[in-house]
1. DSSP beta bridges in the chain, what fraction antiparallel, as a percent rounded to 5?
2. For the chain, set up a GNM with springs between Cα atoms under 10 Å and report which of M235, M206, M188 has the largest fluctuation.
3. Taking all protein chains as present, what is the carbon and sulfur share of the accessible area of the chain, in % to the nearest whole number, probe 1.4 Å?
4. Looking at the range 145-215, which chymotrypsin sites (Phe, Trp or Tyr not before Pro) are in a loop (DSSP not H, G, I, E or B) and have at most 16 other Cβ atoms within 10 Å?
5. Which distance in Å, rounded to a whole number, links the C-alpha centroids of the range 207-241 and the range 140-173?
6. Ordering V6, V230 by how much accessible area each has at a 1.4 Å probe, largest first, what is the list?
7. Please give the charge dipole size of the range 211-252, origin at the Cα centre, charges +1 on K and R Cβ atoms and -1 on D and E Cβ atoms. Round to the nearest 20 debye.
8. Magnitude of the Cβ-charge dipole of the chain, K/R +1 and D/E -1, about the Cα centre, nearest 20 debye?
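The values are calculated or read from the model by the stated rules, or taken from the named source; none is laboratory data. Note that the structure is predicted; figures quoted are calculated from it, not measured. Heads up, the Cβs are rebuilt from the backbone with ideal geometry, glycines too, and the neighbour counts pull from every protein chain shown. The area values use the complete protein model at the heavy-atom level, side chains included, leaving out ligands, DNA and RNA. Shrake-Rupley method; radii C 1.70, N 1.55, O 1.52, S 1.80 Å.
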Amino acid sequence: LKRNIVEYSADKAQYENIVERIRGAWSNLGETKAHFSVLTNIQFLPENLSSSIDKFWKSGEVESGAALRVLNRYGFSDLENKVCVEYGCGVGRVTMGFSHRFKQVHAYDISKAHLNYANERKTEIKSSNIEFHLIDNIFKELIKCDFFYSKIVFQHNPPPIIYLLIRNALRSLNKNGIAIFQVPTYIMDYKFILDDWLNSPHYLDMEMHCLPMELIFQIIDEERCITLNVREDNMTGDHEKFISNTFVIRKN
């Protein structure tokens, strides 16, 4: 594989610029095709949603169940007394599944429009243990938790943001807490030069980015965590172009 050229650091002003671009894109997606932006299948476009919305919510139940089977494999139990943080919750597709198992779920997203749908769903299912958080400060610490979860989220952020998000995720974990997160670690012919990206035209749509594996392991080590499992997954949908990995990490 040809090595990706990836700049992964930024100054405060650059971070703020990056975040505003991400917020603009995802606010637009939330207002125009919120459910499709979460699961990019034509059946979840607004014009098709009435006949497929039950399938959409069911997919979240299936995904949350799969995550809990991973936790069980590592002896993570007593969920009714544990706190879950989900990052990039969108309209709450997976959030609702977690809410049935955990004492409290704190779910974060950068798009107010997505969170409006999530709160509607929360009311619909009469959930009382979910708190949604609008991301207004990328540097702000997350709620302390026993379990952190994020899939098909980090990949839509440029590398400096992915780097920061993984670090924030691991810092949020209580002792012996577990994080499950997914991120592409390689994209064919990909490079990220921050100044070039900041100076290029941007469209109000999702982008795909990656962070090299060695940088992720560096963060894990620096945050005093251990890697329980790393597995290639199919979250990007194009095995020829992407290598995507799901990480299972424990806080020492």
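1. Looking only at bridges with both residues in the chain, the antiparallel portion is about 45 percent.
2. For the chain, modelled as a Gaussian network with Cα springs under 10 Å, the answer is M188.
3. Result for the chain: 49 percent of the exposed heavy-atom area is carbon or sulfur.
4. Qualifying residues, ordered by number: Y203.
5. 12
6. From most accessible down to least: V230, V6.
7. 240
8. 820
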